[in-house]
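Novice: One structure follows; several queries about it will come next.
The values are calculated or read from the model by the stated rules, or taken from the named source; none is laboratory data. Just so it is clear, the structure is predicted and the values come from calculations on it, not from any experiment. Reconstructed Cβ throughout: ideal geometry from the backbone, glycine too, with neighbour counts over all protein chains shown. To get the accessible areas, we keep the full protein, side chains included, count just its heavy atoms, and leave off ligands, DNA and RNA. Shrake-Rupley method; radii C 1.70, N 1.55, O 1.52, S 1.80 Å.
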Amino acid sequence: MTHRWQWIVLGVFVLITAICAYGIWKYYSLQGKLHCRDCPTPVERTEGEPFNALLVGSDSREGLTPEEQHELGANAVPGQRADTLILAHFDPADEHVVLVQFPRDLWVPLADGSENKINSALQEGPTFLHKTMEKLTGLTIHHYIQVNIAGFRDLVNAIDGVDLCITQATEFDSNTGFQVTEPGMIHFDGELALRYVRSRKIFPDGDFSRIANQQRFIAAALDKVTSVGTLLQPQRVLKLVDVAGKNLRTDKKLSPLGVRELAGKLRSIDPDRFEAYTVPNLGVGAVGAASVVLPDEAGMKFVFEALGRNESPAEADGVPSIDPSTIRVGVYNGLDLFRPYATEAAARLEEATDGRLDIDPINIANAPHFKFTENLIRYEPEAKEMADLIAALLPNATLHEHSTPRGVDVAVIVGSKRFPTEPLVQILPIPIPRPNEEPAVCKEDGVAVTG
């Protein structure tokens with residue numbers, strides 16, 4: 001799956017910056033409206049120190065008529081669930097921001113000791129969700145911001161829609177009514193945008209594709225919400241302020257000016273200053289009859305502990321940020337002609353990466369001779385980082401710059417009957433596109449979209 005950069009909650013979140021363009025009286029008009037009765041009262045944060053915020057997109061149907069719910073593929077359900085859930089970590093010292101998004105079907109322990117999908121925690125209220133997230137992450141969460149479905153739709157309409165490049169045609173989604181018949185640049189109004197960011201059944205990766213699409217959309221929305229063209233149009237500003245008052249809710253310690261301060265930190269999605277992750281997980285599985293996203297507990301613990309130390313998760317793991325599936329590994333038996341040492345070693349390497357390392361059987365063979373006395377990792381100079389990643393799996397192997405067989409990036413020679421492996425702990429960030437990146441398909445005319 002190709003990841004891009006953006007998030008639904010951030011779009012409504014940063015719209016508060018528009019308040020400045022309309023004077024301090026708008027500050028007082030929102031004061032008190034943003035706090036909900038059952039919103040949490042978090043621990044006070046220390047000025048200048050790193051802090052965390054929980055950004056929540058609720059699937060509450062409040063503000064939508066039954067007809068609108070049907071039209072938008074948002075049919076009525078009791079209560080509310082967290083459709084989008086993001087942990088944001090801010091370091092005021094260098095303005096660095098780390099965002100971790102949680103799949104809605106992630107199976108986790110809740111605040112009351114039960115287990116369920118993470119999105120269900122919001123059914124017990126924002127305070128329960130806040131406590132669940134603190135328990136899950138082991139972090140203090142200093143701020144809570146929530147927006148509902150209607151708020152997202154109204155935000156997009158308030159800025160007269162958003163243009164977004166869609167690079168692939170899609171089938172018709174019977175749940176949301178979304179379909180693209182021809183890729184290219186598409187203009188989204190609020191209703192079409194909501195259909196798009198809620199669609200997941202038509203994508204092969206389901207909820208993971210939906211997360212990526214949410215991320216792609218909000219990048220374009222952020223640009224428009226915070227543009228000079230928006231802030232210099234009084235009617236747009238008024239609409240944005242109205243959307244905030246009706247659809248945004250925060251913890252009881254966060255004022256509208258506090259939200260504006262956080263929004264300013266998120267205004268420019270700069271890949272030199274931002275990191276983005278999907279929380280480590282083992283993919284889709286089952287708990288009883290329920291289809292869920294299974295947690296990678298070791299990976300999650302690593303990410304949250306890194307944030308607790310105010311470190312980059314990708315840098316803290318100590319291994320290169322290279323997807324193991326892109327490394328062509330060869331494994332060679334350098335011990336005994338009559339024993340399948342190479343086959344056994346290849347299986348152990350694949351297991352150590354949870355199957356992300358897929359070794360082609362054609363590259364599992366005998367070494368040139370059987371006189372090796374230690375396990376070796378051979379690599380050519382341009383493949384040094386790849387070799388470093390493989391070395392993280394093999395604590396007793398020796399790295400050796402050496403020629404490798406054609407079509408092989410890293411050659412592992414089994415030269416010892418002791419071949420211990422270590423599970424790979426690797427946190428890969430989601431690539432964030434540079435500003436104004438535009439796929440080639442959107443430089444041409446001829447776009448068809450239905451919805």
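Novice: Can you tell me how many residues in the stretch 357-371 are hydrophobic (A, V, I, L, M, F, W, C) and under 15 Å from Phe338 (Cα atoms)? Even if it seems obvious, please write down each step before you answer.
Specialist: As a first pass, look at the stretch 357-371 and keep what is hydrophobic (A, V, I, L, M, F, W, C): 357, 359, 362, 364-365, 367, 370.
Of the ones still in play, those that are also under 15 Å from Phe338 (Cα atoms) are 364-365, 367, 370.
Going through the stretch 357-371 one residue at a time, the tally reaches 4.
Novice: Being more than 20 Å from Val319 (Cα to Cα), of a type outside the set (S, T, N, Q) and outside any helix (DSSP H, G or I), is that true of even one residue in the stretch 374-390?
Specialist: Yes, the stretch 374-390 contains at least one residue that is more than 20 Å from Val319 (Cα to Cα), of a type outside the set (S, T, N, Q) and outside any helix (DSSP H, G or I).
Novice: Further question on the same structure: Those residues that are modelled with pLDDT under 95 and open to solvent by 10 Å² or more (accessible area, probe 1.4 Å), I need them from the stretch 92-111; list them, please.
Specialist: Pro92, Ala93, Asp94, Glu95, His96, Arg104, Asp105 - these are the residues of the stretch 92-111 that are modelled with pLDDT under 95 and open to solvent by 10 Å² or more (accessible area, probe 1.4 Å).
Novice: Continuing with this model, one more query. Taking the stretch 158-195 as the region of interest, how many residues are assigned to a helix (DSSP H, G or I), open to solvent by less than 10 Å² (accessible area, probe 1.4 Å) and under 25 Å from Arg104 (Cα atoms)? Write out each step before concluding.
Specialist: Step one: list which residues in the stretch 158-195 are assigned to a helix (DSSP H, G or I), which gives 158, 190-195.
With the extra rule that they be open to solvent by less than 10 Å² (accessible area, probe 1.4 Å), the set shrinks to 158, 190, 193-194.
Retained after the next criterion (residues that are under 25 Å from Arg104 (Cα atoms)): 190, 193-194.
Total satisfying the criteria: 3.
Novice: Can you pull out the residues in the stretch 330-373 that are open to solvent by less than 90 Å² (accessible area, probe 1.4 Å), among the aliphatic types (A, V, I, L, M) and part of a helix (DSSP H, G or I)?
Specialist: Selection gives Ala342, Ala345, Ala346, Ala347, Leu349, Ala352.
Novice: Hey, could you check the stretch 78-91 for residues that are at pLDDT below 90 and of a type outside the set (Asp, Glu) and say which is surrounded by the fewest Cβ atoms within 10 Å (Cβ to Cβ)? So that I can check it myself, show each step before the final result.
Specialist: Taking the stretch 78-91 and keeping what is at pLDDT below 90, we get 78-86.
Retained after the next criterion (residues that are of a type outside the set (Asp, Glu)): 78-82, 84-86.
Values: Pro78: 7, Gly79: 13, Gln80: 21, Arg81: 21, Ala82: 26, Thr84: 26, Leu85: 25, Ile86: 25.
Restricting to residues being at pLDDT below 90 and of a type outside the set (Asp, Glu), the top hit is Pro78.
Novice: For the stretch 397-430, which positions are touching a residue at least 24 places away in the same chain (Cβ under 8 Å), over 17 Å from Ala346 (Cβ atoms) and not in a strand (DSSP E or B)?
Specialist: His402, Ser403, Val425, Gln426, Ile427, Leu428, Pro429, Ile430
Novice: Something else about it: Here is a list: Glu422, Glu438. Which entry is modelled with pLDDT of 75 or more, open to solvent by 40 Å² or more (accessible area, probe 1.4 Å) and of a type outside the set (Ser, Thr, Tyr)? Before you say what the answer is, go through the steps one by one.
Specialist: Values: Glu438 fails: modelled with pLDDT of 75 or more.
Only one candidate qualifies: Glu422.
Novice: Restricting the search to the stretch 112-146, which residues are of a type in the set (S, T, N, Q) and surrounded by fewer than 17 Cβ atoms within 10 Å (Cβ to Cβ)?
Specialist: Result: Ser114, Gln123, Thr140.
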